[in-house]
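Below you'll find the structure, written out as structure tokens, and then a few comments.
What follows is calculated from the coordinates using simple rules that are stated; it is not laboratory data. These numbers come from a predicted model, not from an experiment. FYI the Cβ positions are ideal-geometry reconstructions off the backbone, even for glycines, and counts take in every protein chain you see.
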Amino acid sequence: MYTVNFLTHVLENYQVLIYLFIFLGLIIEGEFTLISIGILLHLGALNLYLILLFVILGLLSKTILGYHLGILIHNRWNHTRFLKHIENRVSSVMPHFKQKPFWSIFISKFILGVNNIVIIFSGYHRVDVRKYFKAEFCSTIIWVPALILIGYIFSITAIAISREIWRFSFIILVLIILFIALDKLISWIYQIFEEFHENTK
């Protein structure tokens, strides 16, 4: 029967690949990457200082690339129906994006699956660069430690129940599903609040 110690040993042998996946993961999808970092840090499979370096590089790359991708999309395909549909989708979640871009960018960081689109649309709508980077920075210094801590707590909880690798993985999966459900519930409540606020004006 394989235990978590075996998993940690395997991960230690592939650290270069893990750091590469972390870098790419933060560019493509940050939430689960950061939760995974918290789990791996608790297991002792990663170096904290190298993690900090790759987290900074990954998120900075995402912030810069996403904004410039938005500018590129605006310059080439801004009249397509698909983009109009996506813009309407962003507006439904972030109805005050054009009026309050700082708070829209800031809040989007904490709504699963929304921040990537909002980053691109910040470039698409040519949001002031200083305001954009300030919003990204302010949200990131809260978002990163919070998600890493959540992953760390998930790992502590799973190990307290079982050190057997498959049970440990199953418990982590259940905890992540609960996290997604909670995040969706909060984003739904926020969307209702925004609609109510809009209707009462």
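Worth a mention:
- When Leu46, Leu52 are screened for being free of Cβ contacts under 8 Å to residues at least 12 places away in the same chain and of a type in the set (A, V, I, L, M), only Leu52 passes.
- Residue ID - farthest from Phe179 (Cα to Cα), chosen from residues in the range 123-162 that are outside any loop (DSSP other than H, G, I, E, B) and among the hydroxyl-bearing types (Ser, Thr, Tyr): Tyr124
- The listed residue being aliphatic (A, V, I, L, M) and more than 18 Å from the chain's Cα centre (by Cα), out of Ile120, Ile86: Ile86
- Members of the range 94-109 that are under 13 Å from Trp143 (Cβ atoms), free of Cβ contacts under 8 Å to residues at least 60 places away in the same chain and not hydroxyl-bearing (Ser, Thr, Tyr): Ile105, Phe106, Lys109
- Scope the range 25-52; condition of a type outside the set (Phe, Trp, Tyr), loosely packed, with under 14 Cβ neighbours inside 10 Å and out of contact with any helix residue (DSSP H, G or I) (no Cβ under 7 Å at 6 or more places or on another chain); matching residues: Ile28, Asn47, Leu52
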